[in-house]
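Student: Below are the structure tokens for one structure; questions will follow.
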Amino acid sequence: MATSETTRRGGKDPFDAIVDAPFDSALSERYLVYALSTITARSLPDLRDGLKPVHRRLLWAMRQLKLDPSSAFKKSARVVGDVIGKYHPHGDASVYDAMVRLAQDFALRYPLVEGQGNFGNIDGDNAAAYRYTEARLTRTALRLMEGLDEGTVDFIPTYNGEEQEPEIFPGLFPNLLANGASGIAVGMATNIPSHNVAEIIDAALEVIDNPHVGHERLMELFHGPDFATGGVVPESAATISAAYESGRGSLRVRGRFYAAEAERDEDREAGIERLGGGQWQLVISEIPYQVQKGKLIEQIAQAIADRKLPILEDIRDESEETVRLILVPRSRNVDPELLKQSLYKLTDLEVRFGLNLNVLDHTRTPMVMGLKELLDNWIASQIEILQRRSRYRLEQIARRLELVEGYIVAFLNLDRVIEIIRTEDEPKPVMMAEFGLTDRQTEAILNMRLRSLRKLEEMELRQERDALAKEQAELEKLLGSPARQRTRLKRDLATMRRDYGPDTPLGRRRTTIAEVAPTIEFSMDAMIEKEPVTVILSQKGWIRGARGHLPLDQDFKYKEGDGPAFVLHVQTTDKLLLAADNGRFYTLGADRLPGARGFGEPLRNTLDIEASASIIAAIVHREGQRLLLAADTGRGFAANTADLLAETRKGRNVVTLRDGAALRVARPIAMGHDHVAVVGDNRKLVVFNLDELPVMSRGQGVKLQSYRDGGLADATTFTLDEGLSWRMGGKEGRTRTEQEMWQWKVARGGAGRLPPQGFPRDNRFS
């Protein structure tokens, strides 16, 4: 009814606006429009001025507010209000965040905004609200906007058509490479580091002089990134060159160790401060670009707490205006280089910067460019700006010359001009007819005050005319000669280089490009101070580590109802292999054992051991060591301990068990052993060559002994010539050795025969 009433009254039926179209095509068309808008009008910088629209509009609004370096600061809220109201209809938070970044000297190599107030810090703290901060433009920003009033660029309507804004900034400052850019568009992204202006200009001058210059020559002048926070790029020249040739690559960035107060040069460069008594500390003076200092400190502190950096005692932040992080080693015997390498590996003291030179060219087409192509396009844009500036100036000169010629005519005929003005009702056509003046010339003369007419001097007018004519001729020569244009651009670049040269505070290179030796491969063992420890593991799975190597037969205390299971000597650098009867092996670092005060801690607090599983062996991992593994089913194999190490709490599944079977034996194979002895629950013993036992990393293994009843009771290895030994039991712990074992030697998998007289009744070798 409502729709019919609307139609009857002459209104539009809303259903008339419905378009019958496939959903996929309608969606793809609209998404394509959104994607193009994101790519060309939001996320990617323009090659010519290196700015995204939000940054360009911010600087333009500040210029309109006359916030030049010599003027007073204005509230950031005023700037943000103008930007979102006139040019950029987006949220104030996003616009203010963009403005804050332009003012941060740790974010931009050459800041474009000078901030007053809290604009954030390298610790990662946010800036104050825009009602509390103030801002104005920097001299670098003015350089970027030079020529805006000289017809160098096109102006386009703002989003609502009420204002005009420049399409790009025409300044000679190479902002794209100087300050870099980063952004994520739809289906593409850009990530451009900042660079040294002097090096950019040197490379540009080389391209102007030799348009066919090779990439290798450019990289001799253009060395690579120059980040606002300094640091070190430890890459080879070949790696950096390859990245800039293709426009894509990945570069490492490290913090810098530097101790300004060190007495010796080598200590100063290594960041080592000597404290006396052999003690020392490391000083971090610079951190990688875009790494928050507070986050880095938290990472290092967490690594210390997690015992990932056992050679590091503490970290202190003594930063003031510059970064100063103090690293205190655990002992004076710690290798400083090992400490540095471990920090590079475990923290953000070394990060990777993904280079992606994806920009919008002069046709606003996204493109990944190499360094040479980037410079070619930028130089071409500056040549075009130079031409437009020259044409604009020629137009101004022509207009001024026209007026000067008219003034000269008026001066030579001043009395007659005054007479015409006094006597004629319409003096303009009379003057035009009598003196041959143009409409503009006549209008200018008539609009002059009498005092100005009296002050006209022929000499000054003729000097101005000659000067303008000379400038006009020079500009015409400039426009007619590409060589002159290149020379003029070179001269302007050389002039700007003096302000950003390597000997100036702003132009001095901050990031060191230096290839370093290959990273030292180190294990966690290398960072652990080696100390003797006695491991005590109880029957109920409580573990502890006592300092020093205590007597293994010492009477240790256990919880009520608990007793000893394993006691062994290790070093803090050792890895402890724990074999469970479910066939899984668990790894525990001896440096991570709980202290021996009290009864220790349950193993299950550290390792994910099944509640029904029991630990049957505790073995210290040694390089090249093998274990004999045997299940109660009579199957087994040999395994290298290196293949049994586990990196997770869940351990590693090594022995495959079926139908309720259990791992019964996990015993080291001593050097020189050549035979295996296996005894079953049926008290049958079999001996065979160790060579018949396969070495595996996982599986069921092979049949060691056959059983009609029961299963495997124990297994061990021995040297046949020395005989088989077993413990006799009793407090003395005596052992017995049977030399003549050839009687029990059969092929692997045999049933065996009864053991020698005196063999333990529990069918255990030890």
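Student: Test of understanding: among Val283, Val291, which residue is of a type outside the set (Ser, Thr, Tyr), in contact (Cβ under 8 Å) with a residue 12 or more places away in the chain, within 14 Å of Asp123 (Cβ to Cβ) and crowded, with 17+ Cβ neighbours inside 10 Å? So that I can check it myself, show each step before the final result.
Tutor: Details: Val283 fails: within 14 Å of Asp123 (Cβ to Cβ).
When all the criteria are applied, what remains is Val291.
Student: Test Ile300 against the criterion of being under 15 Å from Gly255 (Cβ atoms) and assigned to a helix (DSSP H, G or I), and give yes or no.
Tutor: Details: under 15 Å from Gly255 (Cβ atoms): yes; assigned to a helix (DSSP H, G or I): yes.
Taking the combined requirement at face value, the residue satisfies it.
Student: Condition first: without any contact (Cβ under 8 Å) to a residue 12 or more places away in the chain and either surrounded by 13 or more Cβ atoms within 10 Å (Cβ to Cβ) or not in a helix (DSSP H, G or I) (or both). Can you find one or more residues in the range 409-420 that meet it?
Tutor: Step one: list which residues in the range 409-420 are without any contact (Cβ under 8 Å) to a residue 12 or more places away in the chain, which gives 415, 419.
Subsequent filtering for residues that are either surrounded by 13 or more Cβ atoms within 10 Å (Cβ to Cβ) or not in a helix (DSSP H, G or I) (or both) retains none.
Scanning the range 409-420, I find no residue that is without any contact (Cβ under 8 Å) to a residue 12 or more places away in the chain and either surrounded by 13 or more Cβ atoms within 10 Å (Cβ to Cβ) or not in a helix (DSSP H, G or I) (or both), so the answer is no.
Student: Could you count how many residues in the range 363-389 are out of contact with any strand residue (DSSP E or B) (no Cβ under 9 Å at 6 or more places or on another chain) and under 12 Å from Leu177 (Cβ atoms)?
Tutor: Total satisfying the criteria: 3.
Student: State whether the residues of the range 588-600 include one that is in a loop (DSSP other than H, G, I, E, B), surrounded by fewer than 16 Cβ atoms within 10 Å (Cβ to Cβ), modelled with pLDDT of 85 or more and hydrophobic (A, V, I, L, M, F, W, C). Spell out how you get there, then give the answer.
Tutor: Taking the range 588-600 first, the residues in a loop (DSSP other than H, G, I, E, B) are 593-594, 596-600.
Filter again for surrounded by fewer than 16 Cβ atoms within 10 Å (Cβ to Cβ), leaving 597-598.
With modelled with pLDDT of 85 or more added as a condition, the list becomes none.
Checking the range 588-600: not a single residue is in a loop (DSSP other than H, G, I, E, B), surrounded by fewer than 16 Cβ atoms within 10 Å (Cβ to Cβ), modelled with pLDDT of 85 or more and hydrophobic (A, V, I, L, M, F, W, C).
Student: Being more than 20 Å from Thr190 (Cβ to Cβ), in a loop (DSSP other than H, G, I, E, B) and over 15 Å from the mean Cα position of the chain (by Cα) is the filter here; which residues of the range 236-261 pass it?
Tutor: Across the range 236-261, the qualifying residues are Ser236, Tyr258, Ala259, Ala260, Glu261.
Student: A further question follows. Could you please find all residues in the range 233-268 being among the hydrophobic types (A, V, I, L, M, F, W, C), buried (at least 21 other Cβ atoms within 10 Å of the Cβ), touching a Ser or Thr at 6+ places or on another chain (Cβ under 9 Å) and touching a residue at least 60 places away in the same chain (Cβ under 8 Å)?
Tutor: Initially, the range 233-268 is screened for residues among the hydrophobic types (A, V, I, L, M, F, W, C), giving 233, 237-238, 240, 242-243, 251, 253, 257, 259-260, 262.
If we keep only those that are buried (at least 21 other Cβ atoms within 10 Å of the Cβ) too, we end up with 233, 240, 243, 253, 257, 259.
Applying the additional criterion that residues be touching a Ser or Thr at 6+ places or on another chain (Cβ under 9 Å) yields 233, 243, 253, 257, 259.
Val233, Ala243, Val253, Phe257, listed by residue number.
Student: Do you know which residues across the range 641-666 are touching an Asp or Glu at 6+ places or on another chain (Cβ under 9 Å) and at pLDDT 90 or above?
Tutor: Going residue by residue through the range 641-666, those that are touching an Asp or Glu at 6+ places or on another chain (Cβ under 9 Å) are 641-642, 648-652, 654, 657, 661-665.
Matches in the range 641-666: Thr641, Ala642, Lys650, Gly651, Arg652, Val654, Leu657, Ala661, Ala662, Leu663, Arg664, Val665.
Student: Of everything in the range 480-505 that's exposed (fewer than 15 other Cβ atoms within 10 Å of the Cβ) and among the hydrophobic types (A, V, I, L, M, F, W, C), which residue is farthest from Glu199 (Cα to Cα)?
Tutor: Filtering first and then ranking leaves Ala483.
Student: Still on this model: What's the number of the only condition in (1) under 49 Å from the mean Cα position of the chain (by Cα); (2) hydrophobic (A, V, I, L, M, F, W, C); (3) part of a loop (DSSP other than H, G, I, E, B) that Ala661 fails to meet?
Tutor: It is condition (1) that Ala661 fails.
Student: Further question: So which residues in the range 262-281 are closer than 18 Å to Ile315 by Cβ and either more than 27 Å from the chain's Cα centre (by Cα) or not assigned by TED's automatic domain parsing to the domain that holds Val328 (or both), if there are any at all?
Tutor: Glu273, Leu275, Gln279, Trp280, listed by residue number.
Student: Residues that are assigned to a strand (DSSP E or B), charged (D, E, K, R) and in the same structural domain as Asn653 (by TED's automatic domain parsing): does the range 552-559 have at least one?
Tutor: Checked against the condition, which is being assigned to a strand (DSSP E or B), charged (D, E, K, R) and in the same structural domain as Asn653 (by TED's automatic domain parsing), the range 552-559 yields no hits at all.
Student: Checking the conditions here, which among Arg56, Arg48, Arg63 is out of contact with any Phe, Trp or Tyr (no Cβ under 9 Å at 6 or more places or on another chain), in the same structural domain as Leu108 (by TED's automatic domain parsing) and under 30 Å from His195 (Cβ atoms)?
Tutor: Arg63
Student: Applying the selection to the range 122-176, what residues are assigned to a loop (DSSP other than H, G, I, E, B), more than 19 Å from Tyr87 (Cα to Cα) and among the polar types (S, T, N, Q)?
Tutor: Answer for the range 122-176, where residues must be assigned to a loop (DSSP other than H, G, I, E, B), more than 19 Å from Tyr87 (Cα to Cα) and among the polar types (S, T, N, Q): Asn126, Thr133, Thr138, Thr152.
Student: Okay, next question. Residue by residue through the range 47-91, note down the ones that are free of Cβ contacts under 8 Å to residues at least 60 places away in the same chain, surrounded by fewer than 17 Cβ atoms within 10 Å (Cβ to Cβ) and out of contact with any Asp or Glu (no Cβ under 9 Å at 6 or more places or on another chain).
Tutor: Matches in the range 47-91: Lys66, Ser70, Gly85, His90, Gly91.
Student: Also: Counting only residues that are of a type in the set (Phe, Trp, Tyr), give me the helices (runs of 4 or more DSSP H) lying completely in the range 13-119 with at least 1 of them. I'd like the intermediate steps shown before the answer.
Tutor: Details: elements: 23-38, 53-64, 76-82, 92-103.
Fully inside the range 13-119 and qualifying: 23-38, 53-64, 92-103.
Student: Consider Arg109 carefully, then state whether it is touching a strand residue (DSSP E or B) at 6+ places or on another chain (Cβ under 9 Å), surrounded by fewer than 16 Cβ atoms within 10 Å (Cβ to Cβ) and either outside the structural domain of Gly81 (by TED's automatic domain parsing) or not acidic (Asp, Glu) (or both).
Tutor: On the way: touching a strand residue (DSSP E or B) at 6+ places or on another chain (Cβ under 9 Å): yes; surrounded by fewer than 16 Cβ atoms within 10 Å (Cβ to Cβ): no; either outside the structural domain of Gly81 (by TED's automatic domain parsing) or not acidic (Asp, Glu) (or both): yes.
Answer is no for this residue.
Each row is one residue, and each column tells you yes or no for (1) surrounded by 16 or more Cβ atoms within 10 Å (Cβ to Cβ); (2) aliphatic (A, V, I, L, M).
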| residue | (1), (2) |
| --- | --- |
| Asp314 | no, no |
| Glu320 | no, no |
| Arg324 | yes, no |
| Pro329 | yes, no |
| Arg332 | no, no |
| Gly354 | no, no |
| Ile383 | yes, yes |
| Gln396 | no, no |
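The values are calculated or read from the model by the stated rules, or taken from the named source; none is laboratory data. From a predicted model like this one, the values you see are computed outputs, not experimental measurements. Every residue, glycine as well, gets a Cβ built from its backbone with ideal geometry; the counts of neighbours run over all protein chains shown.
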